[in-house]
Amino acid sequence: LGAEFRNDEGKGASRRLRKTGNVPAILYGGKREPRMLSLNQEKLITLIDNEKFYSSIINLKVGDVTQAAIVKDLQMHPAKNQVLHVDLQRVLETEKIRIRLPIHFHGEAASPGVKTQGGVVSHRLADIEVQCLPKDLPDSLDLDLSQIRLNESKSLSHIALPEGVAITSLVQGKDQVVVSIHSPRAQEPEAAVEGA
């Protein structure tokens, strides 16, 4: 992702930047001073539709220098397909990063809870925060539902993690339900027709 340094601050400067087809951004962390950047709006719009943009390490090229970074926050315009601001965090090879990864569910249709017991899958979480060194960062996390039965659930502790990757909530001692299979809601009986 190409970027340029910018020096002007404030709402007016950000507004002027957006009018030229660019997006104000900030790059911080990595034991260095925060730097204000300008990113290309069109390039960003093509990248933000891909979930990997939010869960991967991005090579940010400013002039001749390339800096590894992750997206920490992205603000969109409430009505237009326009990025308003991006927060990026520098990535150092020796420092653990915290980043949200998508959970990919497998085997839902084959699970006994759905296939033979008529249950409905309820996803409670779609992504979770992990912490790891940059070299250990996976693209996503997988959760196998092929053996789950009606009225059973899978928690964060059921997610198989690659070596060197930890789920932040589990490190803090908080296990959460990620997905469950339950009976479909019963339909309301129709009111009896009165009078004949």
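The values are calculated or read from the model by the stated rules, or taken from the named source; none is laboratory data. Nothing here was measured: the structure is a model prediction, and the numbers come from that model. A quick note on method: Cβ atoms are made from the backbone with ideal geometry, for glycine too, and the neighbour counts reach across all protein chains shown. Calculation scope for accessible area: heavy atoms of the full protein, side chains included, ligands and nucleic acids excluded. Shrake-Rupley method; radii C 1.70, N 1.55, O 1.52, S 1.80 Å.
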Pick from segment 132-159, criterion open to solvent by 30 Å² or more (accessible area, probe 1.4 Å) and part of a strand (DSSP E or B), ranking: nearest to I58 (Cα to Cα):
D142
Pair list, Cβ < 7 Å and 6+ apart or interchain, from segment 45-63 residues that are closer than 23 Å to L141 by Cβ to residues that are loosely packed, with under 13 Cβ neighbours inside 10 Å and of a type in the set (D, E):
K52/D139; S55/D139; S56/D139
Regarding segment 105-116, can at least one residue be identified that is among the small types (G, A, S), within 19 Å of the chain's Cα centre (by Cα) and open to solvent by less than 70 Å² (accessible area, probe 1.4 Å)?
no
Quick test of your reading of the structure: H123 fulfils all but one of (1) farther than 21 Å from N50 by Cα; (2) open to solvent by 60 Å² or more (accessible area, probe 1.4 Å); (3) not β-branched (V, I, T). Name the failing condition by number.
(1)
Looking at E42, E51, E33, which is the one that is within 22 Å of the chain's Cα centre (by Cα), of a type in the set (D, E, K, R) and closer than 30 Å to G164 by Cα?
E51
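Residues checked against (1) touching a strand residue (DSSP E or B) at 6+ places or on another chain (Cβ under 7 Å); (2) surrounded by fewer than 18 Cβ atoms within 10 Å (Cβ to Cβ); (3) modelled with pLDDT of 90 or more:
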{"residue": "A25", "(1), (2), (3)": "yes, no, yes"}
{"residue": "G30", "(1), (2), (3)": "yes, yes, no"}
{"residue": "E33", "(1), (2), (3)": "no, yes, yes"}
{"residue": "L39", "(1), (2), (3)": "yes, no, yes"}
{"residue": "V65", "(1), (2), (3)": "no, yes, no"}
{"residue": "P78", "(1), (2), (3)": "no, yes, yes"}
{"residue": "H85", "(1), (2), (3)": "yes, yes, yes"}
{"residue": "L88", "(1), (2), (3)": "yes, no, yes"}
